[in-house]
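Each reported figure results from applying straightforward, stated rules to the coordinates on display, with no laboratory input. Not measured: the values here are computed from a predicted model. When we count neighbours, we look across all protein chains shown, and the Cβ atoms used for this are built from the backbone with ideal geometry, even at glycine.
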Amino acid sequence: ISYKLREFDASRDLDALHDICRTVYGGSDYLPKTAPTLASDPNSSFLVAADAVTDRPAAVGNARRFKPNMSWLEAIRTCEKHRSRGLARHLTQSLIDVSRNEHGCEVYSCTVESNIAMQRVFERVGMMLLGQIHQCSFDELKRLPGWGAGDGSDIIDNRLPLPLLQSLGVESSIEDENEAMQNMEATTVNSEQELSASLQHIMARGGIGHLVGLYELLPNEAIHDGLEAGRLWKVSSNSNGAAEDTKNIALVAFVKEEKLSSLRSPWVCSISATSVAILEEALWFACSSSCLDKLDGHVAFTVAFDCCNFPLVDTKSFPPAIKALPLTEDACLLFGSSKDL
């Protein structure tokens, strides 16, 4: 079978896309619903590898321009009948070429540690492992009282949810919650220049240097919305005498994730931090009324974070708030066609 590359056509390709995505995420793949939007998005290159004879799509993939000079590779899917034929690699390479040659963008993407096949695709097209995005397990979070969106059964959880750390029982292990709050200073980030300076500080200390979301780097649109709504803060440690370039800081941002269907709340707390200690203080701040009052009546949220030199194995020395986080065991790995983030 030979294949040809073309743009996705929502008027005739949706039936084939449903077949391609039938077993993805246990049959609950978001892509068939969002495909028409991607196809009409001027900032996306949504391509299909189609059977050269029947023109029926056998694989799909998208590159979305989400920041200046940066494209996000997503939605790589291959029909089961057409796997092991190099289509994912061919699509990925084509999307990198389009992004570079037509838009001047390098390409970045994430995959989970267990997805060895996609990691090999990234390696074969020259994409490099750049870091890791840490996030909570949805399966664990939806077991918390009042957090789950329901499983389609007649059983509905009517319990009122509590904020994250309280739901995880962290408060009972700390004598005084206010102690954590007293050790830090939180200020609203009011401009892109202020945000950029803080991200550069975090990158200089070993961080990614971008705000992270669920399996992605946050796009400019989400960041702009956060700035305008006052949902982006800088948390600083009250360390007397610390030089400005060694000061521990964290950025805390709240964004809505409409694809988050397993939890009742659509909110994601994004944290970029220079140390585990300031990460804990940022989590306490995220659970305070300063943040919760901005969440349209919700108090629950999941977390995605980047923390400089975050220990992946030794958790014995973690502070209680970090130790209690139900982090996913299948690590989210960040790849890029360039080392420059």
Seminar exercise, completed: Set K247/K294; K234/K323; K33/K259; K142/K259; K33/K67, cut-off 18 Å on Cα-Cα distance; pairs above it are K247/K294; K234/K323; K33/K67
Exercise. Among S94, S272, S71, which one shows the biggest mean-square fluctuation in a GNM of the chain, springs joining Cα atoms closer than 10 Å?
Worked result: S94
Exercise. Under the Karplus relation 6.51 cos²θ - 1.76 cosθ + 1.60, θ = phi - 60°, what is the ordered set of whole-Hz ³J(HN,Hα) values for the stretch 263-268, x standing for Gly and Pro?
Worked result: 10, 5, 8, x, 8, 10
Exercise. Using the Karplus equation 6.51 cos²θ - 1.76 cosθ + 1.60 (θ = phi - 60°), what ³J(HN,Hα) coupling, rounded to whole Hz, does each residue of the stretch 44-57 give in order, writing x for Gly and Pro?
Worked result: 10, 10, 9, 10, 10, 9, 10, 4, 5, 8, 8, 6, 7, x
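Where a ≥ b ≥ c are the square roots of the eigenvalues of the C-alpha gyration tensor, would you call the stretch 207-341 rounded, which needs a/c under 1.5, or, failing that, prolate if a/b is larger than b/c, or oblate?
Verdict is rounded for the stretch 207-341.
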For this session: Springs between alpha-carbon atoms under 10 Å, Gaussian network over the chain: tell me which of T92, T54, T23 tops the mean-square fluctuations.
Result: T54
Exercise. When DSSP assigns beta bridges and you keep just the ones with both residues in the chain, what percent turn out antiparallel, to the nearest 5?
Worked result: 85 percent
For this session: Select from L129, L17, L160 the residue whose mean-square fluctuation is largest in a Gaussian network model of the chain (Cα-Cα springs shorter than 10 Å).
Result: L160
Seminar exercise, completed: Looks like the stretch 6-67, by Cα gyration tensor root eigenvalues a ≥ b ≥ c and the a/c under 1.5 rounded cutoff (else prolate when a/b is bigger than b/c, oblate otherwise), is oblate
Seminar exercise, completed: Computed from the beta carbon distance with a Förster radius of 41 Å, FRET efficiency for R22 and E194 to the nearest 0.05 stands at 0.35
Problem set entry | Long-range HN-HN contacts of C136 with modeled amide H, under 5 Å | V303, T328
For this session: Return the sequence-ordered ³J(HN,Hα) values of the stretch 194-210 in whole Hz as given by the Karplus equation 6.51 cos²θ - 1.76 cosθ + 1.60 applied to θ = phi - 60°, using x for Gly and Pro.
Result: 5, 5, 4, 4, 5, 5, 5, 4, 5, 5, 4, 8, x, x, 5, x, 9
Seminar exercise, completed: Note on the chain: alpha-carbon gyration tensor, axes a ≥ b ≥ c; rule is a/c under 1.5 for rounded, else prolate if a/b larger than b/c, else oblate; result prolate
For this session: With +1 on each Lys and Arg Cβ and -1 on each Asp and Glu Cβ, and nothing else charged, work out how big the dipole of the chain is about its Cα centre, in Debye to the nearest 20.
Result: 1120 debye
